[in-house]
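The values are calculated or read from the model by the stated rules, or taken from the named source; none is laboratory data. Remember, predicted model here, so these are calculated numbers, not experimental data. Heads up, the Cβs are rebuilt from the backbone with ideal geometry, glycines too, and the neighbour counts pull from every protein chain shown. These area figures cover heavy atoms from the full protein model, side chains too; ligands, DNA and RNA do not enter into them. Shrake-Rupley method; radii C 1.70, N 1.55, O 1.52, S 1.80 Å.
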Amino acid sequence: MLTGHKAGNGGYSQACAYGLPRFRSTQQADFAESAYGYRPGRSAQTAVERVQTALRSGYTDVVDADLTKYFDSIPHDQLMKSVARRISDAKMLRLIKAWLKAPVEETDQHGGRRLTGGKGSRRGTPQGGVISPLLANIYMNRLLRVFLERGKDREFAARLVAYADDFVILSRGRAQASLAWVRRTLAAIGLSLNETKTCIRDARREHFDFLGYTFGPAYGKGGRKYLAAKPSKKAVLRVKKNIRKLLWRGNPAPWQEIRCRLNQMLRGWGNYFRYGRYERAYWTVDQYVYQRTRAFLRRRHKLPTRGTRQFNWTTIHSRLGIVSLRQPSVAAQS
């Protein structure tokens, strides 16, 4: 039985470790160039850079697509046909087919447990499994390759950038036609768009989010308008939520442990969001970290004041070693 969780970037290396099919860069020749997720030597950051490059090259009419439960919707029969084009070993194919039928134990938002999948299942690849990312890439590749092989990039004057099931199409005035084509093509392979979340944006006037970044118009010195990428509001709110969960009032963990976990969180977030216009987001997160850390230490030390003198900015980020995104070198390595 598999334990359900969201598939992550570790799927590729885990699959290799378990002796499952390893798709080296030379063995991924038939993977579309536009696919960036769960592939060695590629990352979400490179996908973000590709989107920004396309926007600055004039591909500003954007289809911001969202698939409906992609990992849960992949049809087994069609997926196995795609896998069979790459793997000829009959035993391995039987193993993958049996693995797709494995029951998955999931925990819902209320802490309850339920089983999904099983022998009767016809759709979905268990997200608790190490090769789910690879299988998901193989099936999504059908859409990406058809886009190129049928010349839709030329027909729509468009660029497609995908990371797993998250993708955008950036075109020059052909967003409506691109969206109609994607809708038809997905239906043909047993998938569908989440119509409430899929939208069309003119990036010269509107913003859209992709992989945690917000893309769209920005203004520089003298009111100069240009297209920029920056950490999205949702990304900032998400890291604030995680900081708040760590620095909650009654956390009994030793300070060294809390500091280590907080610094790891901040370094990881800062490293991912180091592209584009990140300065304001860094400032916002730094301010929040300072306020929450000061409040946490004030309560832990039972100070009768707000602690602004005992735990000022310099004390928190230098002597106590909490990472500052704007000045990462001032914190002790922990």
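Here are a few things to note about the model shown:
- Extension gain, Gln45-Thr314: 0.36 nm per intervening residue step, less the Cα-Cα distance, totals 93.7 nm.
- Applying the Karplus relation 6.51 cos²θ - 1.76 cosθ + 1.60 with θ = phi - 60° to the stretch 142-153 yields 3J(HN,Hα) values of 4, 5, 5, 6, 4, 4, 7, 5, 8, x, 5, 5 Hz, where x marks Gly and Pro.
- Stretch gain in nm, segment Thr107-Ser121, where the contour uses 0.36 nm per residue and the Cα spacing is subtracted: 3.2 nm
- Residue separation of His207 and Asp66 scaled by 0.36 nm, minus their Cα-Cα distance, works out to 49.2 nm of gained length.
- Paramagnetic label reach from Ser82 (point 7 Å along Cα→Cβ; backbone nitrogen cut-off under 19 Å): within the stretch 155-181, residues 160-169, 181.
- Amide H contacts of Phe167 (H built 1.01 Å from N, under 5 Å, at least 5 apart or other chain): Ala65
- Ignoring lysines fewer than eight residues from Lys221 along the same chain, the ones with Cα atoms less than 25 angstrom from its Cα are Lys230, Lys233.
- Solvent exposure of Leu303, expressed as accessible area, is near 40 Å², computed with a probe of 1.4 Å over the protein chains only.
- Here's the picture: charge each Lys and Arg Cβ at +1 and each Asp and Glu Cβ at -1 in the chain, and of Gly220, Phe273, Asn263 the one pushed furthest to the positive end of that dipole is Asn263.
- What the phi angles of the stretch 253-262 give under the Karplus curve with 6.51, -1.76 and 1.60, with θ = phi - 60°, is a coupling list of 5, x, 4, 4, 5, 4, 4, 4, 5, 5 Hz, glycine and proline written as x.
- Computed 3J(HN,Hα) for the stretch 195-211, one whole-Hz value per residue from the Karplus formula 6.51 cos²θ - 1.76 cosθ + 1.60 where θ = phi - 60°, is 5, 6, 9, 7, 8, 10, 10, 9, 5, 6, 10, 10, 9, 9, 9, 7, 6, glycine and proline marked x.
- Peptide packing: for 305-315, 207-217, 47-57, the average count of neighbouring Cβ atoms within 10 Å per residue gives the ranking 207-217, 47-57, 305-315, highest mean first.
- Contact order relative to length of the chain, as percent, for alpha carbon pairs under 8 angstrom and 6 or more apart: 19
- Each principal axis of the Cα atoms in the stretch 175-334 has its own extent, and those three values, largest first, are 63, 45, 28 angstrom.
- Mean separation of Cα contacts under 8 Å, 6 or more apart, over the residue count of the stretch 130-257: relative contact order %: 12
- The long axis of helix 175-188 is offset from the longest Cα principal axis of the chain by roughly 60 degrees.
- The simple spin-label model puts a point 7 Å past each Cα toward its Cβ; for Ala253 and Trp283 those points are separated by 3.0 nm.
- Taking a ≥ b ≥ c as the square roots of the Cα gyration tensor eigenvalues, the stretch 201-250 comes out prolate, since a/c reaches at least 1.5 and a/b is larger than b/c.
- Spin-label model, Tyr226 to Arg56: label points 7 Å out along the Cα-to-beta-carbon direction sit 0.7 nm apart.
- Equivalent ellipsoid semi-axes - Cα gyration tensor, the stretch 117-255, angstrom: 32, 29, 12
- Percent of Cα-Cα distances greater than 31 Å, calculated over the chain: 45
- Heavy-atom accessible surface of the chain: percent carbon and sulfur, 1.4 Å: 49
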